[in-house]
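Written below as structure tokens is the structure these notes are about.
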Amino acid sequence: MRIHFHGDGPDSRAVDGVSFNIRRRQTVCIVGESGCGKTVTALATMGLLSIPPAHIAGGRILFDGQSLLDLPPDQWRTLRGRRIGMIFQEPMTSLNPVFTIGDQITEAILAHEDANESEVRQRTIRLLEDVGIAQPDKRIDDYPHQLSGGQRQRAMIAMALACGPDLVIADEPTTALDVTVQAQILRLLRHLQARRQMAIQYITHDLGVVSAIADQVYVMYAGVMVEQGTTDHIFHQARHPYTQALLDALPTRKKRGQRLYTIPGSVPHPAYKPEGCPFHPRCHYRQPSCVQIFPDLCDYGDGHQARCPILYNKKIDVEDR
Ligand SMILES: Nc1ncnc2c1ncn2[C@@H]1O[C@H](COP(=O)(O)OP(=O)(O)OP(=O)(O)O)[C@@H](O)[C@H]1O
Ligand SMILES: [Mg+2]
């Protein structure tokens, strides 16, 4: 998948070689630093990208065998909500402040189903209960500002689940929450997933969250997928220097008395990405070829791939992490 933005100056190549699969009942994490194209990828998967300025430069999106990119808007609307649910980072921007949460969840159901209102109200109360909101029969009539941040995020999850979707796309849903509430929301998502048999595409910049929730992990850097594998591959046998650097930057890896490692430099602007490997300016394994040649994915077997021929060819001993 390639998604570019037209503007003044060179095209912004926000997503430039991203490919992933999500199977039923699976949790797939997409992880990478700010600006690497995670949200743009998610918006494209939901048909919410404004085209223009965005422009699909290549690739396709298949959902249950159906190609989504050429789907007309009314079919997109049916798909979203009914088969694909969405949870965003900041519920205040997604929940409407002038309607009660009950009204908003009810509306989400009625947009896709012919059901009578009192029945839908009962269903909404059950949904609020399912996502762990206490006294749901009272909370249903609350406005978003009357709820805490964690409760608002739970209400958003209830809305995303209202029509029993097969896939839920969650874009940094816990970033704005404190760690305790974050852990509760992750537990809730795992619990709901097991009960409802849905797939989750979970987007985050935080590898710590990935270990708590993912089956399969895709690491993105500057619009490019640089490594993919199971959670075990990524955490114990990382084969891309960027993944290794993200791991080293985890607070839990910090050794006593050491300062927290941060990756030097920053993600390049998508209009001015370097030639060759996009990570080369920040990479301490850099060789002359990295500056010129865009790296292929190297296969480590068992679904584990990394886009770094230097580590692959040299068989540099990457000690088990
Ligand atoms: N409408 C737009 N026009 C031009 N460039 C855009 C547009 N939307 C996003 N981009 C660019 O695409 C790149 C990827 O953005 P994206 O929001 O997907 O990053 P992200 O990985 O989700 O980051 P974060 O972790 O901060 O949410 C950024 O450099 C951003 O500036
Ligand atoms: Mg984002």
Task: Cα→Cβ-extended label distance, 7 Å offset, between Gln135 and Asp299, nm - done: 5.9
Task: log10 of Debye I(q)/I(0), alpha-carbon scatterers only, for the stretch 196-258 at 0.13, 0.26, 0.28 Å⁻¹ - done: -0.36, -1.24, -1.38
TODO: Scan around Cys298 for amide H atoms under 5 Å from its own, H built in the peptide plane at 1.01 Å from N, and keep only partners 5 or more places away or cross-chain.
DONE: Ala306, Arg307, Cys308
Open item on the list: Using +1 at the C-beta of Lys and Arg and -1 at the C-beta of Asp and Glu, which of Val291, Met46, Thr100 has the Cα lying farthest in the positive direction of the dipole of the chain?
Closed with: Val291
Task: Hz values of 3J(HN,Hα) by residue in the stretch 164-179 - Karplus curve (6.51, -1.76, 1.60), Gly and Pro given as x - done: x, x, 7, 9, 10, 9, 10, 9, 6, x, 10, 4, 7, 9, 6, 4
Open item on the list: Just to be sure I understand: of the beta bridges DSSP finds with both ends in the chain, what percent are antiparallel, rounded to 5?
Closed with: 50
- [ ] Using only Cα atoms, figure out Rg for the chain and give it as a multiple of 2.2 N^0.38 Å.
- [x] 1.06
TODO: Be a star and scan the stretch 175-193 for residues whose amide nitrogen sits under 18 Å from the point 7 Å along the Cα-to-Cβ vector of Ser148.
DONE: 175-189
Task: Order by protection proxy (mean Cβ within 10 Å, highest first), peptides 160-172, 219-231, 18-30 - done: 219-231, 160-172, 18-30
Task: Table column - 3J(HN,Hα) (Hz), the stretch 286-291, Karplus curve with 6.51, -1.76, 1.60, x for Gly and Pro - done: 3, 10, x, 5, 5, 6
Open item on the list: Counting only Cα atoms, I'd like the Rg/Rh figure for the stretch 195-321, Kirkwood definition for Rh.
Closed with: 0.97
TODO: Between Gln197 and Ala111, with labels modelled 7 Å along Cα→Cβ, what's the label distance in nm to one decimal, could you check?
DONE: 2.6
- [ ] Quick one: plug the Kirkwood hydrodynamic radius of the stretch 37-188 (C-alpha pairs) into Stokes-Einstein at 4 °C, 1.567 mPa s, and report D in µm²/s.
- [x] 79
Open item on the list: Counting only other residues whose beta carbon sits under 13 Å from that of Gly58, what net charge do I get with K and R as +1, D and E as -1?
Closed with: +1
TODO: Would you count, across the chain, every pair of lysines whose alpha carbons are under 29 angstrom apart, provided the pair is eight or more residues apart or spans two chains?
DONE: 8
TODO: Collect residues whose amide H, placed 1.01 Å from N in the peptide plane, falls under 5 Å from the amide H of Val224; neighbours closer than 5 in sequence don't count.
DONE: Asp16
Task: Kirkwood estimate for the stretch 134-185, i.e. one over the average of 1/r between Cα atoms, Å - done: 12.1
Open item on the list: Residue by residue through the stretch 183-194, what is 3J(HN,Hα) from phi via Karplus (6.51 cos²θ - 1.76 cosθ + 1.60, θ = phi - 60°)? Round to whole Hz and write x for glycine and proline.
Closed with: 5, 5, 5, 4, 4, 4, 4, 4, 5, 5, 4, 5
TODO: Report, in whole Å, the centroid distance computed from the Cα atoms of the stretch 2-77 and the stretch 190-240.
DONE: 18
TODO: Please list the non-local residues whose amide H lies under 5 Å from the amide H of Asp142, H modeled 1.01 Å from N, same-chain partners needing a gap of 5 or more.
DONE: Ile101, Gly102
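Since every read-out is calculated from the coordinates, none of them should be taken as a lab result. Fair warning: this is a prediction, and the values are worked out from it, not measured in the lab. Reconstructed Cβ throughout: ideal geometry from the backbone, glycine too, with neighbour counts over all protein chains shown.
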